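K.L.:
Have a look at this one.
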Amino acid sequence: MQPPVAARPVRTTLPARYYTDPAHFRREVEHFFFTKWICAGRADQIPNRGDYFLRDVLGESIIVVRDDQPSTALAPGGSIHAMFNVCRHRGTRICETACGTFHGSIQCSYHAWTYDLNGRLIGAPHMDDVQGFDKRDFPLKRVGCEVWDGHIFINIAGAADPLRTQIGPLMEQFRPWRMEELRLVHRSVDEVKANWKLIIQNYNECLHCPVLHPLLNQMHHYLGAANAPSEATYCGGTMGFKEGIETLSRDGKLRRQYLPGLGAEEKGLVSYYSLYPNMLLTLHPDYMVTVTLWPKAVDRTELICEWHFHRDEIARPDFEFQDAIDFWEVTNREDWHISELSQAGISSRAYQPGPYSNRELLLWDFDQVVLRELGESS
Ligand code: FES
Ligand SMILES: [Fe+2]
């Protein structure tokens, strides 16, 4: 007779405070958004010297700018830098406009301290007669910045381990998609009334697909995910298509060429990866969708969804993309709304942690990442 199999304790969702307590939220974002690498945007948003955009990370304004240094092996995305938007004179926020072009230098509008595109202080009026003052001592404070296949990552702690230590194996795994050749075509920005982790939780499972996503459910079999083992810094998997489906579009039809680096297997699936803490990367046979998460409060998250297509396709006179926009606009709306309902329910006094099914273990794994990071147990 077989010995009885010991029953594993039921794995449950996290207590409410992880989703509702502002003090907990502050601690959590300090760990995840101020010390980890976070995806800030795409290199093709700032193609020319002096082009920049600002990123607000819970009140910290960061300038991401391209200077004119040539690309090197160490800085393969060209010379894109990130620095605090804080003047070294009396601390004023320097730049207010969300994106644009600096013409050779960055100047504070208060007393005209001026920095080059690298952040070096090059002009400081009325400081010449200050004994001991040396411009070299007052560059804009740098933020870690690395570019991976066109994605700009920043690290506000600055002195972090390289990006590779956070997402290393994905760098090789996603080479066939040649993401650096893709260009941003469309963006939508939504503020969702849900904790940032609920957005990740929702993305990490498809059990809800038949119930919530009539359109998406026509494309994949909802139990067909091939998940990779969870890692401490990311998780994900792939899903193949149902018979007759070629990509995620309004009708499942392909209206563009396959991305040029893909093999037969990759042409038949979608990769869904959560790169903790702020990037959802969805790779289709013919385009890429990224969602970046920007927590605003314990129960509020801004989501920037962007659609990227191959530059050669974009150049074609008959380039079509609306089918892909429509597909994800519909699906995102369903996901963002259910995440808001999750937040609302978890905020109720009636909420208590509920049991995960065996097909929701990526979510439980993510909970453990959060707990480990905070040195807690639920
Ligand atoms: S605070 Fe920026 S120049 Fe004075
Ligand atoms: Fe969904």
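Laboratory data are not the source of any read-out in this text; all were calculated from the coordinates shown. It should be emphasised that the depicted structure is a prediction, and the values quoted were computed from it without experimental measurement. Here the Cβ positions follow ideal geometry from the backbone for every residue, glycine too, while neighbour counts run over all protein chains shown.
K.L.:
Per-residue HN-Hα couplings for segment 92-103, Karplus 6.51 cos²θ - 1.76 cosθ + 1.60 at θ = phi - 60°, whole Hz, x for Gly and Pro?
P.N.:
Whole-Hz 3J(HN,Hα) from phi for segment 92-103: 5, 5, 7, 10, 10, 7, 4, 7, x, 9, 8, 8.
K.L.:
Setting aside same-chain residues fewer than 8 positions from Lys242, which aspartates and glutamates have a Cα under 13 Å from its Cα?
P.N.:
Asp251
K.L.:
Now for a separate question. How many percent of the alpha carbon pairs in segment 177-267 exceed a separation of 19 Å?
P.N.:
Considering segment 177-267, 57 percent of its Cα-Cα pairs are separated by more than 19 Å.
K.L.:
Next up: When the gyration tensor of the chain is built from Cα positions, what are the square roots of 5 times its three eigenvalues, in whole Å, from largest to smallest?
P.N.:
38, 27, 18
K.L.:
Could you give the nm distance between label points at Arg93 and Asp251, where each point is 7 Å from its Cα heading toward the beta carbon?
P.N.:
Result: 4.7 nm between the two label points.
K.L.:
Apply 1/(1 + (r/R0)^6) to the Cβ-Cβ distance of Glu265 and Gln131, taking R0 = 45 Å, and write down the FRET efficiency to the nearest 0.05.
P.N.:
0.10
K.L.:
Under 12 Å from the Cα of Lys267, which aspartates and glutamates turn up, not counting those fewer than eight places away in the same chain?
P.N.:
Within the straight-line cut-off, Lys267 pairs with Glu246, Asp286.
K.L.:
Oh, and also: Along Cα→Cβ, 7 Å out, is where each label goes; now give me the distance between the ones at Glu320 and Glu340 in nm to one decimal.
P.N.:
Placing both labels 7 Å along Cα→Cβ, they lie 3.2 nm apart.
K.L.:
Can you work out ³J(HN,Hα) from phi for every residue in segment 181-194, in order, using Karplus 6.51 cos²θ - 1.76 cosθ + 1.60 and θ = phi - 60°, giving whole Hz and x for Gly and Pro?
P.N.:
Going residue by residue, I get 8, 8, 10, 5, 10, 8, 9, 10, 10, 10, 9, 10, 7, 7 Hz, with x marking Gly and Pro.
K.L.:
Of the peptides 351-363, 190-202, how do they stack up when ordered by the mean number of other Cβ atoms within 10 Å, highest first?
P.N.:
Most protected by this proxy first, the peptides run 190-202, 351-363.
K.L.:
What is the angle, in °, between the Cα long axis of helix 361-374 and the longest principal axis of the Cα atoms in the chain? Nearest 10 is fine, range 0 to 90.
P.N.:
40 degrees
K.L.:
A further question follows. Going by alpha carbons, how many degrees (0 to 90, nearest 10) lie between the helix axis of 164-173 and the longest principal axis of the chain?
P.N.:
Here the helix axis deviates by roughly 60 degrees.
K.L.:
Here's a follow-up. Please list, ordered by chain and number, the residues whose modelled amide H lies under 5 Å from the amide H of Tyr356; skip anything fewer than 5 residues away on the same chain.
P.N.:
Distant-sequence amide H within range of Tyr356: Arg11, Thr12, Thr13.
K.L.:
Residues of segment 114-141 with the amide nitrogen closer than 17 Å to a label point 7 Å from the Cα of Ser61, along Cα-to-Cβ, please.
P.N.:
114-115, 119, 140-141
K.L.:
Order the peptides 90-99, 306-315 from the highest to the lowest mean number of other Cβ atoms within 10 Å of their residues.
P.N.:
306-315, 90-99
K.L.:
Once fully extended, how much extra length lies between Glu302 and Gln368, figured as 0.36 nm per residue of separation less the alpha-carbon to alpha-carbon distance?
P.N.:
Length difference between fully extended and current span is 21.4 nm.
K.L.:
While we're here: Counting helices only, and only those DSSP H runs with n ≥ 4, report the 222 nm mean residue ellipticity of the chain as the sum of -39,500 (n - 2.57) divided by its residues, in deg cm²/dmol to the nearest 500.
P.N.:
When only DSSP H runs of four or more count, the value is -6500 deg cm²/dmol.
K.L.:
Further question on the same structure: Any chance you could give the angle, 0 to 90 degrees and rounded to 10, that helix 22-33 forms with the longest Cα principal axis of the chain?
P.N.:
In the chain, helix 22-33 runs at an angle near 80 degrees to the longest axis.
K.L.:
Moving on. Setting aside same-chain residues fewer than 8 positions from Lys296, which lysines have a Cα under 20 Å from its Cα?
P.N.:
Lys36, Lys193, Lys197
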